[in-house]
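The values are calculated or read from the model by the stated rules, or taken from the named source; none is laboratory data. Because the structure is a prediction, the values reported are computed rather than measured. Here the Cβ is made from the backbone with ideal geometry for all residues, glycine too, and neighbour counts use every protein chain on show. Just the protein is used for accessible areas: all its heavy atoms, side chains included, with ligands, DNA and RNA removed. Shrake-Rupley method; radii C 1.70, N 1.55, O 1.52, S 1.80 Å.
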Amino acid sequence: MNVHEYQGKEILRKFGVATPRGIPCFSVPEADAAARSLGGKVWVVKAQIHAGGRGKGGGVKVAHTQEEAETHAKSILGMTLVTHQTGPAGQKVQRLLVEETADIDRELYLGIVLDRATSKLVFMASQAGGMEIEVVAAKTPEAIFKEEIDPAIGLGAWQARKLAFALGLKPAQINFAVAFLQSLYKAFIETDASLVEINPFITTKDDKLFALDAKMTFDDNALFRHADIKALRDTAEEDPLEVEASKYGLNYIKLDGSIACMVNGAGLAMATMDIIQYAGGSPANFLDVGGSATQEQIEHAFEILLSDVNVKAIFINIFGGILRVDRLATGVVAAARNLKVKVPIILRLEGTNVEEGRKILKDSGLNFQVGATMKEAADLAVAAAMVGV
Ligand code: GDP
Ligand code: MN
């Protein structure tokens with residue numbers, strides 16, 4: 001789960017991470033009042049959406065007068081902000097953050113993520129802050145310094161110091177930086193985060209350090225331990241179909257292709273998306289109905305798949321283990337009837353009660369195509385999707 005920058009900063013502050021003072025706003029009068037109550041002469045008005053690249057897209061503006069703060073708030077609130085992370089459709093801005101500005105000296109980068117290759121967290125730091133870190137990683141990977149963290153020990157002070165020196169910080173800044181990095185690590189661990197990114201992490205002319213931006217992502221499977229964080233979810237920032245799917249306990253991720261997938265088990269879902277690509281098609285989604293899908297869930301799954309206008313065929317790939325194939329087939333037949341599904345449905349079924357399942361499909365009188373193997377079924381699905389185009 002993602003949260004907004006202002007929410008991430010509120011969380012980080014609790015762990016002692018220094019951020020500028022700021023106030024979240026939902027309307028222009030609120031933004032006006034926020035600038036007034038923050039005081040000072042310069043403010044920054046920032047669009048709050050769950051995507052980076054806001055600065056380039058016109059979603060971060062500095063105001064030098066109270067009137068200018070209001071003008072910026074008016075222009076940013078409600079705009080459709082397009083950044084490299086939102087995709088061409090952009091994201092509507094519904095919240096703002098009005099902050100005091102910082103006297104920026106240098107813009108640096110900090111990030112913590114899980115390195116799946118080593119199964120360890122890795123703390124990243126770079127002098128190339130304030131720009132797209134993906135570009136830095138692709139073009140000049142040597143500009144990103146990394147410290148692998150031993151989970152039993154945590155981020156050692158010596159490691160934080162090493163990163164601070166790699167960032168070229170001044171002697172007067174090193175101790176602050178070590179404390180800053182350790183607070184950031186503590187925040188990551190204690191909130192069950194899966195990503196923390198501070199870009200830019202800034203130094204000021206008077207040697208202070210601040211998180212000028214904050215991106216935090218949390219592990220969905222740990223949210224039950226963090227009611228306060230769970231409450232920060234903003235479904236307006238999520239794909240409506242994904243929100244709908246999560247209501248029914250379905251793991252659904254929308255993609256851009258034309259072949260909808262309904263699969264049980266995440267591994268099989270990944271393999272299904274791969275084989276669709278291999279057969280020359282492209283998947284419209286990832287959907288794992290889980291091990292114990294009920295007929296009702298299967299029907300909801302169909303509804304969600306079919307609300308994607310790009311879908312030209314549905315590929316159902318099931319290995320019946322705990323989820324018996326006959327039960328799945330009954331659910332599919334009922335859903336296809338109730339929802340009057342017009343797009344072709346291709347199935348590949350194996351496992352418990354597969355014969356009964358095949359019979360149920362056949363006896364339904366509906367026009368299902370069944371592939372004997374995954375590859376055959378994928379080929380059928382790709383062919384069916386082509387016809388639809
Ligand atoms: P992002 O583009 O979505 O990553 O948004 P950021 O919060 O990182 O802001 C983008 C850029 O705006 C930063 O890299 C800074 O250069 C600039 N910026 C953000 N806050 C301030 C501020 O308080 N003062 C000044 N002068 N620039 C800022
Ligand atoms: Mn940023």
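Values as computed for the structure displayed
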{"item": "Filtered residue count, the range 134-155, keeping only those that are within 18 Å of Ala187 (Cα to Cα) and touching a strand residue (DSSP E or B) at 6+ places or on another chain (Cβ under 8 Å)", "result": "6"}
{"item": "Condition check for Lys56: under 24 Å from the mean Cα position of the chain (by Cα), near ligand 1 (Cβ under 9 Å from one of its atoms), among the basic types (Lys, Arg) and at pLDDT below 95", "result": "yes"}
{"item": "Selection within the range 362-379 - charged (D, E, K, R) and within 18 Å of Val343 (Cβ to Cβ)", "result": "Asp379"}
{"item": "Any hit, the range 306-317, residues being free of Cβ contacts under 8 Å to residues at least 12 places away in the same chain and farther than 20 Å from Met1 by Cβ", "result": "yes"}
{"item": "Spans of helices (runs of 4 or more DSSP H) in the range 26-139 with at least 1 residues within 13 Å of ligand 2 (Cβ to nearest atom), open to solvent by 50 Å² or more (accessible area, probe 1.4 Å) and among the charged types (D, E, K, R)", "result": "54-57, 133-139"}
{"item": "The lone exception for Gly357 - which of (1) touching a strand residue (DSSP E or B) at 6+ places or on another chain (Cβ under 6 Å); (2) under 21 Å from Val387 (Cβ atoms) it fails", "result": "(2)"}
{"item": "Residue in the range 141-157 that is within 16 Å of ligand 2 (Cβ to nearest atom) and within 20 Å of the chain's Cα centre (by Cα) present", "result": "no"}
{"item": "Subset of the range 356-379 [open to solvent by less than 50 Å² (accessible area, probe 1.4 Å), hydrophobic (A, V, I, L, M, F, W, C) and assigned to a helix (DSSP H, G or I)]", "result": "Leu361, Met374, Ala377, Ala378"}
{"item": "Wholly within the range 209-323, helices (runs of 4 or more DSSP H) carrying at least 2 residues that are surrounded by 15 or more Cβ atoms within 10 Å (Cβ to Cβ)", "result": "240-247, 266-278, 295-306"}
{"item": "Condition met for Gly8 (within 26 Å of Thr204 (Cβ to Cβ) and over 17 Å from the mean Cα position of the chain (by Cα))", "result": "no"}
{"item": "Of the criteria (1) without any contact (Cβ under 8 Å) to a residue 12 or more places away in the chain; (2) charged (D, E, K, R); (3) touching a helix residue (DSSP H, G or I) at 6+ places or on another chain (Cβ under 7 Å), which one Arg13 fails", "result": "(3)"}
{"item": "Selection within the range 186-207 - open to solvent by 30 Å² or more (accessible area, probe 1.4 Å), out of contact with any Asp or Glu (no Cβ under 9 Å at 6 or more places or on another chain) and away from ligand 2 (no atom under 16 Å from the Cβ)", "result": "Lys186, Ile189, Glu190"}
{"item": "Test: residue in the range 175-182 that is small (Gly, Ala, Ser), assigned to a helix (DSSP H, G or I) and open to solvent by 40 Å² or more (accessible area, probe 1.4 Å)", "result": "yes"}
{"item": "Selected residue [away from ligand 1 (no atom under 16 Å from the Cβ) and at negative phi] from Asp228, Asp206", "result": "Asp228"}
{"item": "Yes/no for Gly280 being under 15 Å from Ala313 (Cα atoms) and touching a strand residue (DSSP E or B) at 6+ places or on another chain (Cβ under 6 Å)", "result": "no"}
{"item": "Residue count, the range 1-25 (criterion: surrounded by 20 or more Cβ atoms within 10 Å (Cβ to Cβ) and within 13 Å of ligand 1 (Cβ to nearest atom))", "result": "7"}
